[in-house]
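Report on one structure; see the data block that follows.
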Amino acid sequence: MPQQRGPTQFPVTIITMQAPLFQDNPDSFESIDLGDVQVHLHTSAFEPSDASAMLHNLAEDIPWRQDSLWIAGREIPVPRLQCWMGDVGSLYGYSGMRLEPEPWHPQVQAIRSRVQELSGIQFNSVLLNLYRNGEDSVSWHADDEPELGRDPVIASVSLGAVRRFQLKHRHDRSREKLQIDLPHGSILIMGKGMQNKWLHQVPKQKTINEPRINLTFRQIIRRAAA
């Protein structure tokens, strides 16, 4: 049975599990109850050797982009590399950027099949992020763009370096932050209500020198605005 964590137990850190336990218990996961939403962490969705092969293949094959944002009249490089991928017509935009999908990569399609198997959700697009080291990050945000619909489910795959994933409530400032260390080869499923009620980020961790690739699978409901 999944382990339940109550909404009053903050902050919470899920300790990274070791590879032998992955192999002995290939379907282990934790269900984290935030009170108003639930998050499911499949700690061992992929065997460590398979996850390492995926990390290598994606790092080499994906057409990574260094995008920029305009903030206060200045062009600021996004602190990570990224690639938007999906079905034809699955346009996406955030923070003033407009992204047209790259064709599905076979490795990403295989990962999507596993994500859909565990989540029971169909996804037609994915944002891939390459965190080159602990200097790369993503700041507080929610995946709540109009083209994702009113209440999206987001599935997040982590490959490579273990990075810290933080959550804070959008409306109730009395709630403490939730903190999760995302293991290599894991899938985090953020259920309904998550993007409307919570913000999340991956902060800088300057002691980390290894890369991490994150794939956040989404369902585009309608085209992004022109």
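The values are calculated or read from the model by the stated rules, or taken from the named source; none is laboratory data. Since this is a predicted model, take the numbers as computed values, not measurements. Here the Cβ is made from the backbone with ideal geometry for all residues, glycine too, and neighbour counts use every protein chain on show. Just the protein is used for accessible areas: all its heavy atoms, side chains included, with ligands, DNA and RNA removed. Shrake-Rupley method; radii C 1.70, N 1.55, O 1.52, S 1.80 Å.
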Q) Can you tell me how many residues in the stretch 183-202 are closer than 15 Å to residue 130 by Cα and touching a Lys or Arg at 6+ places or on another chain (Cβ under 6 Å)? A) 1
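Mind telling me which of the residues 136, 151 ends up being out of contact with any Leu (no Cβ under 6 Å at 6 or more places or on another chain), at pLDDT below 95 and among the acidic types (Asp, Glu)?
Values: 136 fails: at pLDDT below 95.
None of the others qualify; the one that does is 151.
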Q. For residue 69, all conditions in the list (1) touching a residue at least 24 places away in the same chain (Cβ under 8 Å); (2) open to solvent by less than 20 Å² (accessible area, probe 1.4 Å); (3) more than 20 Å from residue 220 (Cα to Cα) hold save one; what is the number of the exception?
A. (2)
Q: Quick one: count up the residues across the stretch 159-180 that are of a type in the set (Lys, Arg) and open to solvent by less than 30 Å² (accessible area, probe 1.4 Å).
A: 1
Q) Has the stretch 121-128 got any residue that is free of Cβ contacts under 8 Å to residues at least 60 places away in the same chain and more than 13 Å from residue 214 (Cβ to Cβ)? A) no
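Any idea which of 156, 139, 95 is open to solvent by 30 Å² or more (accessible area, probe 1.4 Å), touching a residue at least 24 places away in the same chain (Cβ under 8 Å), closer than 24 Å to residue 209 by Cβ and of a type in the set (Ser, Thr, Tyr)? Break it down stepwise before answering.
Numbers: 156 fails: open to solvent by 30 Å² or more (accessible area, probe 1.4 Å); 95 fails: closer than 24 Å to residue 209 by Cβ.
Within the list 156, 139, 95, the selection yields 139.
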Q) What are the residues in the stretch 76-135 that are acidic (Asp, Glu) and assigned to a strand (DSSP E or B), if any? A) 102
Q | residue 169 in contact with a Leu (Cβ under 9 Å, 6 or more places away or on another chain) and closer than 21 Å to residue 29 by Cα | A | no
(Q) Among the residues that make up the stretch 107-122, is at least one of them closer than 29 Å to residue 38 by Cβ, among the charged types (D, E, K, R) and surrounded by 13 or more Cβ atoms within 10 Å (Cβ to Cβ)? (A) yes
**Q.** Restricting the stretch 181-196 to residues that are touching an Asp or Glu at 6+ places or on another chain (Cβ under 7 Å) and surrounded by fewer than 18 Cβ atoms within 10 Å (Cβ to Cβ), the residue that is farthest from residue 38 (Cα to Cα)
**A.** 196
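Regarding residue 151, is this residue surrounded by fewer than 17 Cβ atoms within 10 Å (Cβ to Cβ) and in contact with a Lys or Arg (Cβ under 6 Å, 6 or more places away or on another chain)?
Details: surrounded by fewer than 17 Cβ atoms within 10 Å (Cβ to Cβ): yes; in contact with a Lys or Arg (Cβ under 6 Å, 6 or more places away or on another chain): yes.
When the stated conditions are applied, residue 151 passes them.
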Q | Condition broken by residue 75, with the remaining ones in (1) touching a residue at least 12 places away in the same chain (Cβ under 8 Å); (2) farther than 16 Å from residue 108 by Cα satisfied | A | (1)
Q) How many residues, within the stretch 32-53, are open to solvent by 20 Å² or more (accessible area, probe 1.4 Å) and either out of contact with any helix residue (DSSP H, G or I) (no Cβ under 9 Å at 6 or more places or on another chain) or part of a helix (DSSP H, G or I) (or both)? A) 7
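Scan the stretch 195-222 for residues that are of a type outside the set (Phe, Trp, Tyr) and under 23 Å from residue 85 (Cα atoms) and report the count.
Filtering the stretch 195-222 for residues of a type outside the set (Phe, Trp, Tyr) gives 195-197, 199-216, 218-222.
The next check asks that each one be under 23 Å from residue 85 (Cα atoms); those that pass are 195, 200-202, 211-216, 218-222.
Summing the residues that are of a type outside the set (Phe, Trp, Tyr) and under 23 Å from residue 85 (Cα atoms) in the stretch 195-222 gives 15.
Can you confirm whether the stretch 174-194 contains a residue that is without any contact (Cβ under 8 Å) to a residue 24 or more places away in the chain, not in a helix (DSSP H, G or I) and not aromatic (Phe, Trp, Tyr)? Before you say what the answer is, go through the steps one by one.
Here is the first cut: in the stretch 174-194, the residues without any contact (Cβ under 8 Å) to a residue 24 or more places away in the chain are 174.
Filter once more, so that each one left must be not in a helix (DSSP H, G or I): 174.
Filter again for not aromatic (Phe, Trp, Tyr), leaving 174.
The answer is yes; a qualifying residue exists.
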